[in-house]
Every structure is written in C-alpha cells, then in structure tokens.
1. Which numbered condition trips up Asn60, out of (1) more than 9 Å from the ligand (Cβ to nearest atom); (2) out of contact with any strand residue (DSSP E or B) (no Cβ under 9 Å at 6 or more places or on another chain); (3) at pLDDT 95 or above?
2. Could you list, ordered by first residue, the pairs with Cβ atoms under 6 Å in which the first is in region 57-79 and more than 18 Å from Gln31 (Cβ to Cβ) and the second is exposed (fewer than 15 other Cβ atoms within 10 Å of the Cβ) and at pLDDT below 95, at least 6 apart or interchain?
3. Output the residue which, of all residues in region 86-106 that are near the ligand (Cβ under 9 Å from one of its atoms) and part of a helix (DSSP H, G or I), is surrounded by the fewest Cβ atoms within 10 Å (Cβ to Cβ).
4. Considering each of Thr32, Thr38, Thr64 in turn, give the residue that is within 21 Å of Ala112 (Cβ to Cβ), more than 16 Å from the chain's Cα centre (by Cα), not in a helix (DSSP H, G or I) and not basic (Lys, Arg).
5. I'm trying to understand the selection: among the residues of region 41-56, which are in a loop (DSSP other than H, G, I, E, B) and either in contact (Cβ under 8 Å) with a residue 60 or more places away in the chain or near the ligand (Cβ under 8 Å from one of its atoms) (or both)?
Amino acid sequence: MKTTHARARPLLAATAALVLSIALLSCAGKQTPRDRITDPGEMIYNGLTVSGVACYKCHNADGTGTWRGANLAERVPKLTDPAIEKAINEGPGMMPAFKGKLDAQQMAALTAWLRDRFH
Ligand code: HEC
C-alpha cells in the first residue's frame, strides 16, 4: 500500500499554509491586550468590542502604522473630528469602509480616543 505518501502530502500543504499565515500575521499590527486598556475607544481600536472592526491590524496598537496602514500620529493631528469619522465610514484609499459597523456612541468613543492619543 502506498498510503503513507498520499497522506503526507495534504499534511505538508497544511504545514506550508500555516507557516505562510504566521509569516503574514507577523507583518500585521500589534494588538494591545485587553487587560492593559481602560478606554472604550481603545478597546474598539484594538478589535476587542465590535467584530470586524480592528484598526490595530493596519495602524498598529501605537498608531505608527504598518505596510497596510498609515501612521495615525502623523494623520490625526491634521484632521478634524468629523474628518476622522468620515475616514472611518468611507475608508480612504486602501482602507476599508466601516460605515454601519459602529453605533454613534462607539464612533464617538473611538474618535475621542484617537484625538486624545494623537492630538
Ligand atoms: C486594512 C487596513 C486598514 C484598517 C483595518 C484600518 N485602516 Fe485606517 N487607513 C488605512 C490606510 C491604507 C490609510 C491611508 C489611506 C490613504 O490616505 O490613502 C488609512 C488612513 C486612516 C486615517 C487617516 C485618514 C486621512 O484622511 O488622512 C485614519 C484617521 C484612519 N485610517 C483610522 C482608522 C480607524 C479608526 C480604523 C478602525 C476603525 C482603521 N483606520 C482601520 C488602512 C486601514
């Protein structure tokens, strides 16, 4: 029986896929752990409140950005609060749009945290 080889191949493919996804993940932004966050806006930013909303993945926990997202420490000071909300809703350039994912209170908390963190 030649089953040994036939079985080894999917395992090899799965291992390669796992290694590749770890490599890709390591390029993504770092997340601030839940136990180090007290601000509700920072919770949202770090993907801990609303599923599908995880700003840190592209902008990094500290906002310095990654290859996927801009440096917010440079961007936020140039934006008004409504312009930040517009960016979150519409997603400029390669950023996805988050319209409808955050309620008014969550949007306000996120914007307030970004303003407070990056001025
Ligand atoms: C998939 C990656 C990605 C995610 C997730 C993401 N962004 Fe972005 N963001 C970007 C990119 C890329 C830009 C730069 C867009 C441009 O100006 O071309 C950007 C720009 C911005 C800007 C600056 C806009 C401007 O007009 O200068 C703000 C503010 C911002 N993002 C906030 C957020 C917030 C808050 C979240 C979470 C709700 C978020 N982003 C999620 C990729 C991302």
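The values are calculated or read from the model by the stated rules, or taken from the named source; none is laboratory data. Model, not experiment: these values are computed from the prediction. Neighbour counts are summed over all protein chains in view; Cβ atoms, including those assigned to glycine, are modelled from backbone coordinates with ideal geometry.
1. (2)
2. Pro77/His119
3. Step by step, filter region 86-106, then rank; the result is Lys86.
4. Only one candidate passes the filter, namely Thr38.
5. The answer is Val53, Ala54, Cys55.
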